[in-house]
Each structure stands twice: as C-alpha cells, then as structure tokens.
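K.L.:
Before we start, here is the structure in question, set down as structure tokens.
The values are calculated or read from the model by the stated rules, or taken from the named source; none is laboratory data. This is a predicted model, so every value here is computed, not measured. Counting neighbours? That spans all protein chains shown, and the Cβs are built from the backbone with ideal geometry, glycine included. Accessible surface is based on the protein model in full, side chains and every heavy atom, while ligands, DNA and RNA are left aside. Shrake-Rupley method; radii C 1.70, N 1.55, O 1.52, S 1.80 Å.
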Amino acid sequence: SFPELFEKKNYELRIAGGAVRDLLSGMTPQDVDFATTATPAEMKEMFTSAGVRLINNKGEKHGTITARLHEQNFEITTLRIDVVTDGRHAEVEFTTDWEKDAERRDLTVNSMFLGLDGMLYDFFNGYEDLKNKKIRFVGKASERIQEDYLRILRYFRFYGRIAEKPDDHEPSTLEAIKENAKGLAGISGERIWVELKKILLGNHVNHLVLLMYELDIAQYIGLPLDGNLEEFARVTKNIHNLCPKPMTVLTSLFKVKDDVTNLDLRLKISKEEKNLGLFLVKHRQELTKAMGPEPLRPYQDFIMDSREANTNSKICELLKYQGEEHLLRELQEWTVPSFPVSGHDLRKMGVSSGKEIGAALQQLRDEWKKSGYHMDKEELLSCLKKL
C-alpha cells in the first residue's frame, strides 16, 4: 500500500484538510487528500520505481501529485508556504514544517492533519471550533482573505454547513469581510458560482444572503443591488426540504429578467440555469394552482401545451418555489398522456384533405384537453361525428 512506500523512505504522510474535518464530524469524506514532507520530485521517483501509475493533472507546480491505485485517485501534496499571493493565486515554496502549512489554510476547521495512526495534529484549535460549531479564519481574517478573496464565500459556505445558529459570527471577522468585499470583483465568475451554489443549498441561506447585502458583497458577485429580500425570505422557507436547484432559490431575489441576464454576465452560469431563472421570473406569479377539485390542472395544461422537452422539470422547480409540496409530489407521479387520435384515424373516417385533418385534430385536441386528457380514441372520434 502506498503509505508503506512513504514510511520506508521516512517521509511523513498525513490526511489533510476537509477530509479530517468530515471524519471528525462523523461524516464520510467526499475525497481524501494527503499531505507529505516529500517533494513532488521525490514522490515521482518513489512511485515510478514502485510501478504506481501517476496521473498528470498540472498540480505539480503547486506541489500536488496524483497517484492511481486500486481504481482510485490519491492526491498527495507537499507541505508548502505561500510566498507571493495576489488575491487569486499563490506562488509556493516547499517546507517540511506542518504548522507552516496549516498556517496558510483558510479556516481553522480545515487546517487539521490526521496521522494514519489516528494522531490529530491541530495547530489552530480547529477541533475545538468544530465541536463548538464555530467558523473562524486561521490567524488574522484580513490576511487570509487577501491571499484569496474567494475565501469570503468559503466562510459563508462552511458557516452554512457547520454553524448551529444563524447569527454567531465574530464581529472582527465580519469587519474584515466588509473591508475586503471589493476584492471579489477580481475573482472569476466560475469560481464564485461554484461557491454560491453550495451556499444556496446549505443551512442559514436567508441569513447568509442578507449578510452579503449588509457587508456589501452582493454587487461584486452578480446579485442585483435591490434584491427582493422579502421574497427571498419567503421562498427559502417554502423550499425547505424540497431539494430545489440552486437557481430556483436564487431567482427569488430577482425582480426582472435583466437580473438573470446580469447574473449570467458575471458568473457565466449554464444555459439550463439561465433558462430556469428566466422561466421562474416569467411564470411564478400567473401560473398558480386552480381553485376547485383539480388544483394541478394549470400546470398540466402548461406542460401539454409546451413544445419543449424539459418543461416538466421547470414546472417542478416552480412548484418548489411556490412551496406546493403536495402538488409537486402529484406531478412527479403524473405521466404525460399521449393524444390518442392520429391523422390516420381521420383518413379512415373519410376526412381527406390535409387542411381538414389538421383542423379536426386541433378541435379534438381541445376537447381532449377540456376532459382533463381522459377521453379515449372512441369517445373522441364519436365527438368528431357530432362536429
């Protein structure tokens, strides 16, 4: 196994960062990253002579080697110090000092190491903070943020994952975030969107987005200056436990479709995300449930009249947005019925001209829709005789 390779050479190897945080919280880590005192060159030599496959993924200048073992990728990074940072990327220098490596990590809960023997190396009280559900920067908040302004959003994301109460921040941390908010203007939209989506699906989302406005962050990450915070508060309550898409949550901030366009310009969201946002802005008010025995009918009619393939999933997001949990479940069990009559049936009945067939089909389709899509071929054709 590869830990033995390191041991043989007297290189130290430990689990690092997020995986340690997850293991200590009793969660299964998504991926396990390792840190080591061995340099990339030393690792390459060691793995190559042991016949272990290396995957080239351009991480090497930052000190990361990816080894492929037992159908799994292992990322192993050399301990390092950031020499120059410009708020976006760092130039690094390798070290064998574990504390120095922990020092340049973002949050205390992400700065721990775990020896393969189960020994915890925790230089900044990360374990205490994790137990007390506290999110703190390592060392001075403003210094950590200025190394990479995206850390402002990482602070929010982990707050939404770990903190128990919505308003449990250190005032000095919020101060540092506010003073450095402008730095987010220089971060690429793609990186921001990755973080923002995770915030939108985490806990305390209403509180955190409010904070983004209070701390002057919103304008730098593509959000409208006059976001609709009342609607956002309402929809984040509606959506609780309905597993919405991030865009569904976010659209409640938007008042007009330009808000979606501006978000796209800043964050380069996917086409599907943009279309969902535009769809919700357009239909969230008029397309609502019917009074009476068939509340789902307007949504079903919309799907039946639509010529697009993914209308169904957009309507599901609309129902989440509106907090219509029961209708959502009903719609998810509903299969789109197919219209039982074809032009062929009409020809057999002696309707010959294409124009007449088209008109007759349209009329029958309307009748079928009125019946709630229940009429079958026989009923529809006898209806045609009456027409």
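K.L.:
Using the Cα gyration tensor of the range 158-198, with a ≥ b ≥ c the square roots of its eigenvalues, what is the shape: rounded (a/c below 1.5), prolate (a/b larger than b/c) or oblate (neither)?
P.N.:
Verdict is oblate for the range 158-198.
K.L.:
To the nearest 20 debye, what is the magnitude of the charge dipole of the chain about its Cα centre, counting +1 on the Cβ of each Lys and Arg and -1 on the Cβ of each Asp and Glu?
P.N.:
Value, rounded to 20: 1340 debye.
K.L.:
Which parts of the range 235-259 would a label at ASN228 reach, counting a residue when its backbone N lies under 17 Å from a point 7 Å out along Cα-to-Cβ?
P.N.:
Under cut-off, by backbone N: 235-239, 247-259.
K.L.:
How big is the dipole moment of the range 187-309 about its Cα centre under a simple scheme where the beta carbon of each Lys and Arg is +1, that of each Asp and Glu is -1, and everything else is neutral? Debye, nearest 20, please.
P.N.:
Charge dipole, the range 187-309, about its Cα centre: 260 debye, nearest 20.
K.L.:
Jot down the radius of gyration and Dmax of the range 1-132, Cα atoms only, both in angstrom.
P.N.:
Taking only Cα atoms of the range 1-132, I get Rg and Dmax of 14.6, 46 Å.
K.L.:
Between ASP216 and ASN56, how many nm apart are label points set 7 Å from Cα along the C-beta direction?
P.N.:
In this crude spin-label approximation the distance works out to 4.7 nm.
K.L.:
Using a 1.4 angstrom probe on heavy atoms only, work out the carbon and sulfur share of the accessible area of the chain in %.
P.N.:
Of the solvent-accessible surface of the chain, carbon and sulfur hold 49 percent.
K.L.:
For the chain, set up a GNM with springs between Cα atoms under 10 Å and report which of LEU296, LEU200, LEU107 has the largest fluctuation.
P.N.:
Fluctuation is largest for LEU296.
K.L.:
Using +1 at the Cβ of each Lys and Arg and -1 at the Cβ of each Asp and Glu in the chain, identify which of ILE15, PHE94, ASN180 lies farthest towards the dipole's positive end.
P.N.:
Among ILE15, PHE94, ASN180, the one farthest towards the positive end of the dipole of the chain is ASN180.
K.L.:
Using C-alpha positions alone, give me the convex hull volume of the chain per residue in cubic angstrom.
P.N.:
Expressed per residue, the convex hull around the Cα atoms of the chain is 198 Å³.
K.L.:
Stokes-Einstein at 37 °C, 0.692 mPa s, Kirkwood radius from Cα pairs: D for the range 222-336 in µm² s⁻¹?
P.N.:
Using the Kirkwood radius from Cα pairs, D works out to 225 µm²/s.
K.L.:
Which of the trypsin sites (Lys or Arg not before Pro) across the range 94-169 are loop residues per DSSP, with 15 or fewer other Cβ within 10 Å?
P.N.:
LYS133, LYS140
K.L.:
Let me ask another. Roughly how much of THR64 is accessible, in Å² to the nearest 10, using a 1.4 Å probe?
P.N.:
Result for THR64: roughly 20 Å² accessible.
K.L.:
How fast does the range 301-387 diffuse by Stokes-Einstein, in µm²/s, taking the Kirkwood radius from C-alpha pairs at 20 °C and 1.002 mPa s?
P.N.:
Taking Rh from Cα pairs, D becomes 145 µm²/s.
K.L.:
Calculate I(q)/I(0) for the range 134-220 by the Debye formula, one identical point scatterer on each C-alpha and no solvent, and give its log10 at q = 0.12, 0.23, 0.24 Å⁻¹ to two decimals.
P.N.:
So the normalised log intensities are -0.30, -1.23, -1.36.
K.L.:
Filter the GluC sites (Glu not before Pro) in the range 1-79 to those in DSSP coil with at most 11 other Cβ atoms within 10 Å of their Cβ, and list the result.
P.N.:
GLU71
K.L.:
Among the GluC sites (Glu not before Pro) in the range 160-229, which ones are in a DSSP loop with at most 13 other Cβ atoms within 10 Å of the Cβ? Mind listing them?
P.N.:
GLU164
K.L.:
A further question on this structure: Full extension from GLU272 to ARG329: what is 0.36 nm times the residue separation minus their Cα-Cα distance, to one decimal in nm?
P.N.:
Gain on extension, GLU272 to ARG329, equals 18.2 nm.
K.L.:
Going toward the positive end of the dipole of the range 30-161, with +1 on Lys and Arg Cβ and -1 on Asp and Glu Cβ, which of ALA50, ILE135, ALA35 do you reach last?
P.N.:
Looking along the dipole axis, the top candidate is ILE135.
K.L.:
May I pose another question? Quick check for me: using +1 on Lys/Arg Cβ and -1 on Asp/Glu Cβ, what's the dipole size of the range 318-387 about its Cα centre, in debye to the nearest 20?
P.N.:
About 380 debye.
K.L.:
When the expected Rg is taken as 2.2 N^0.38 Å, what fraction or multiple of it is the alpha-carbon Rg of the range 343-385?
P.N.:
My calculation over the Cα atoms of the range 343-385 gives 1.09.
K.L.:
Just add up the charged neighbours of ASP31: K/R +1, D/E -1, any other residue whose Cβ is under 12 Å from the Cβ of ASP31.
P.N.:
-3
K.L.:
I've got another one for you. Taking every Cα atom in the range 292-349, find the radius of gyration and the maximum pairwise distance Dmax, and write them in Å.
P.N.:
Reported Rg and Dmax, both Å: 14.5, 48.
K.L.:
Given the alpha-carbon gyration tensor of the range 65-185, what are the semi-axes of its equivalent ellipsoid in whole angstrom, ordered largest first, with each equal to the square root of 5 times an eigenvalue?
P.N.:
So the equivalent ellipsoid measures 25, 19, 14 Å along its semi-axes.
K.L.:
Sticking with this one: Tell me, what is the per residue accessible area of the chain in Å², probe radius 1.4 Å?
P.N.:
Normalised by residue count, the accessible surface of the chain is 53 Å².
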